[in-house]
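Chemist: Handing you a structure now.
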Amino acid sequence: MNTLTNKRVLLGVSGSIAAYKSPDIVRRLQDLGAEVRVIVTDGGKKFVSERSLQTISKNKVYSNLWDKEAELAMSHIELAKWSDIVIIAPASANTIAKLCHGRADDLLSTVILATDAKVMLAPSMNQQMFASKAIKDNLKILLKRGIVLIEPGFGEQACGDIGEGRLAEPLEIAKQAADLFTSSSLSGKKVLITLGGTIEAIDPVRYISNHSSGKMGMALAHECIQAGAKTTLIIGSISIDIETRAEVIRIVSAEDMYKAVMQRIESQDLFISCAAVADFRPKNISNNKIKKNNNSVTIELIKNKDILASVCQLNKKPICIGFAAETENLIDNARAKLASKQCEAIILNDVSQSEIGLNSDENEVHFITKEEIVKK
Ligand code: C5P
């Protein structure tokens, strides 16, 4: 069976009697490994208590677009970005109509507009309403936009009618959500990623470092987690949020990073060396702040250990992928690095181009192995 391990599910609960089943949906999603957050609409609140959803989801329940405190803790945009998938269950006739028209007059409809995650709808309403032309047309439009429908069941309804419109069973909803994530290519695998820059102390105040943001490493961590890997991050200096689903070890210097990697490398299947490790460190770290009495100061630098190359030398080593940030003779330099470090692949970055270089959100790389070069 597919799972939701490491997946972040946002459950939208709208106004239908079946909202009373939503705590059970949260449970079934959690059973499959998901972390669940809940948005409940004003209509939904008439049928299920926020407290139940909060207790079961173990997270604050969101409901008000204008709640200052909630927005400070996690804004509607952050919530939209946080989600790997949004499931609206139950999806009422009103919520379906709002989504169809792109309205943004409450938290749930606004988050749906702001998310690029897959959206699933589990409609629940009276059979006559579900059979209405308006609902059918609205669903047709939403399906065309890529929204996934979790078909309602047929049977006796809360109002006494018999027909199609019953909310799908909570377990079925969770299973259909899990089925959407087909990528389990790293399931059961362990991945270690180094990222960020290292900091090499000169004295208690000053240091040598670099501009690494950690964005590339964190994006890779996200993908590994999505693919089902148990992911460990060894993080230097970064300027981005940390992926909360990974095991995280913070380090300062290249020497710290070397030790942290070596302590954990034996059990890993894949090592991605994304960190911008300082090649050199001051030979002596002054115990006291260096005074500016002289017109010049000489700091002797000594070489740091090459972490990637050291891992590649181990008898029992994982698959190793390194990075090459180059400004000229790109392919030749990257190929030379592949050979000298003896890793399985090098990801080449052209850092002379500011739009795809250091600190940028966009990237273009060459994935280089002994056998081939793939441009991505
Ligand atoms: O040798 P160079 O620094 O150009 O190689 C870059 C690759 O080697 C990156 O994958 C980087 O994380 C890794 N590296 C390392 N330890 C060092 C220097 C670089 O692991 N001391």
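Chemist: Restricting to region 235-266, name every residue that is buried (at least 18 other Cβ atoms within 10 Å of the Cβ) and touching a Gly at 6+ places or on another chain (Cβ under 9 Å).
Modeler: Ile235, Gly236, Ser237, Ile238, Ile251, Ser253, Ala254, Met257
Chemist: Condition check: of a type in the set (A, V, I, L, M, F, W, C), surrounded by 17 or more Cβ atoms within 10 Å (Cβ to Cβ) and touching a Phe, Trp or Tyr at 6+ places or on another chain (Cβ under 6 Å). Does Ile347 satisfy that?
Modeler: Spelling it out, Ile347 is indeed of a type in the set (A, V, I, L, M, F, W, C), surrounded by 17 or more Cβ atoms within 10 Å (Cβ to Cβ) and touching a Phe, Trp or Tyr at 6+ places or on another chain (Cβ under 6 Å).
Chemist: Sticking with this one: Tally time: how many residues in region 182-204 are out of contact with any Leu (no Cβ under 7 Å at 6 or more places or on another chain) and within 24 Å of Glu243 (Cα to Cα)?
Modeler: Kept after step one, since they are out of contact with any Leu (no Cβ under 7 Å at 6 or more places or on another chain), are these residues of region 182-204: 182-188, 190, 192, 194, 196-204.
From what is left, the residues that are within 24 Å of Glu243 (Cα to Cα) are 182-188, 190, 192, 194, 196-199.
Of the residues in region 182-204, 14 are out of contact with any Leu (no Cβ under 7 Å at 6 or more places or on another chain) and within 24 Å of Glu243 (Cα to Cα).
Chemist: Since Asn293 meets every condition but one in (1) part of a helix (DSSP H, G or I); (2) over 24 Å from Thr198 (Cα atoms), which condition does it not meet?
Modeler: Against the list (1) part of a helix (DSSP H, G or I); (2) over 24 Å from Thr198 (Cα atoms), Asn293 comes up short only on (1).
Chemist: I would also like to ask the following. What tally of residues in region 317-344 results from selecting those that are assigned to a loop (DSSP other than H, G, I, E, B) and modelled with pLDDT of 95 or more?
Modeler: 5
Chemist: Kindly indicate the residue of region 296-316 that is part of a loop (DSSP other than H, G, I, E, B) and among the basic types (Lys, Arg) and also farthest from the ligand (Cβ to nearest atom) among those meeting that condition.
Modeler: As a first pass, look at region 296-316 and keep what is part of a loop (DSSP other than H, G, I, E, B): 296-300, 304-306, 314-316.
Then keep just the ones that are among the basic types (Lys, Arg); that gives 305, 316.
Values: Lys305: 6, Lys316: 18 Å.
Checked region 296-316; the qualifying residue farthest from the ligand (Cβ to nearest atom) is Lys316.
Chemist: Also, I was wondering about something else. I'd like to know if region 326-341 contains one or more residues that are under 32 Å from the mean Cα position of the chain (by Cα), in contact (Cβ under 8 Å) with a residue 40 or more places away in the chain and within 17 Å of Met216 (Cβ to Cβ).
Modeler: No; the residues of region 326-341 include none that is under 32 Å from the mean Cα position of the chain (by Cα), in contact (Cβ under 8 Å) with a residue 40 or more places away in the chain and within 17 Å of Met216 (Cβ to Cβ).
Chemist: Continuing with the same structure: Just one of (1) more than 31 Å from the chain's Cα centre (by Cα); (2) at pLDDT 95 or above; (3) outside any loop (DSSP other than H, G, I, E, B) trips up Pro90, so point out which.
Modeler: Checking Pro90 against (1) more than 31 Å from the chain's Cα centre (by Cα); (2) at pLDDT 95 or above; (3) outside any loop (DSSP other than H, G, I, E, B), the one that fails is (1).
Chemist: Pick out the one residue from Ile242, Ile199, Ile249 that is touching a residue at least 40 places away in the same chain (Cβ under 8 Å) and among the hydrophobic types (A, V, I, L, M, F, W, C).
Modeler: Checking each option against the conditions leaves just Ile199.
Chemist: Identify all residues within region 223-262 that are under 18 Å from Lys81 (Cβ atoms) and in a helix (DSSP H, G or I); write none if there are none.
Modeler: Within region 223-262, Glu223, Ile225, Gln226 qualify.
Chemist: Right, next: Restricting attention to region 16-40, which residues are surrounded by fewer than 23 Cβ atoms within 10 Å (Cβ to Cβ) and closer than 12 Å to Ser92 by Cβ?
Modeler: Hit for region 16-40 is Ile17, nothing else.
Chemist: Go through (1) in contact with a helix residue (DSSP H, G or I) (Cβ under 8 Å, 6 or more places away or on another chain); (2) without any contact (Cβ under 8 Å) to a residue 40 or more places away in the chain; (3) assigned to a helix (DSSP H, G or I) for Arg103 and report which single condition fails.
Modeler: (3)
Chemist: Considering region 225-257 alone, what residues qualify as being modelled with pLDDT under 95, on the phi < 0 side of the Ramachandran plot and in contact with a Leu (Cβ under 6 Å, 6 or more places away or on another chain)?
Modeler: We begin by selecting, within region 225-257, every residue modelled with pLDDT under 95; these are 225-230, 239-246.
After this cut, where a residue has to be on the phi < 0 side of the Ramachandran plot as well, the list is 225-227, 229-230, 239-246.
Result: Ala227, Ala229, Ala246.
Chemist: Select from region 294-340 the residues that are surrounded by fewer than 16 Cβ atoms within 10 Å (Cβ to Cβ) and of a type in the set (D, E, K, R) and list them in ascending order.
Modeler: Of everything in region 294-340, those that are surrounded by fewer than 16 Cβ atoms within 10 Å (Cβ to Cβ) and of a type in the set (D, E, K, R) turn out to be Glu300, Lys303, Lys305, Lys316, Glu328, Asp332.
Chemist: Taking region 242-252 only, how many residues are over 20 Å from Thr198 (Cβ atoms) and either not assigned by TED's automatic domain parsing to the domain that holds Thr198 or not polar (S, T, N, Q) (or both)?
Modeler: Total meeting the criteria: 1.
Chemist: Can you report the number of residues in region 253-292 which are within 16 Å of the ligand (Cβ to nearest atom), touching a residue at least 40 places away in the same chain (Cβ under 8 Å) and either in contact with a strand residue (DSSP E or B) (Cβ under 8 Å, 6 or more places away or on another chain) or not assigned by TED's automatic domain parsing to the domain that holds Asn315 (or both)?
Modeler: Here the count works out to 20.
The values are calculated or read from the model by the stated rules, or taken from the named source; none is laboratory data. What you are looking at is a predicted structure, and each value in this text was computed from that prediction instead of being measured. In this analysis, Cβ positions are derived from the backbone assuming ideal geometry, glycine residues included, and neighbour counts consider all displayed protein chains.
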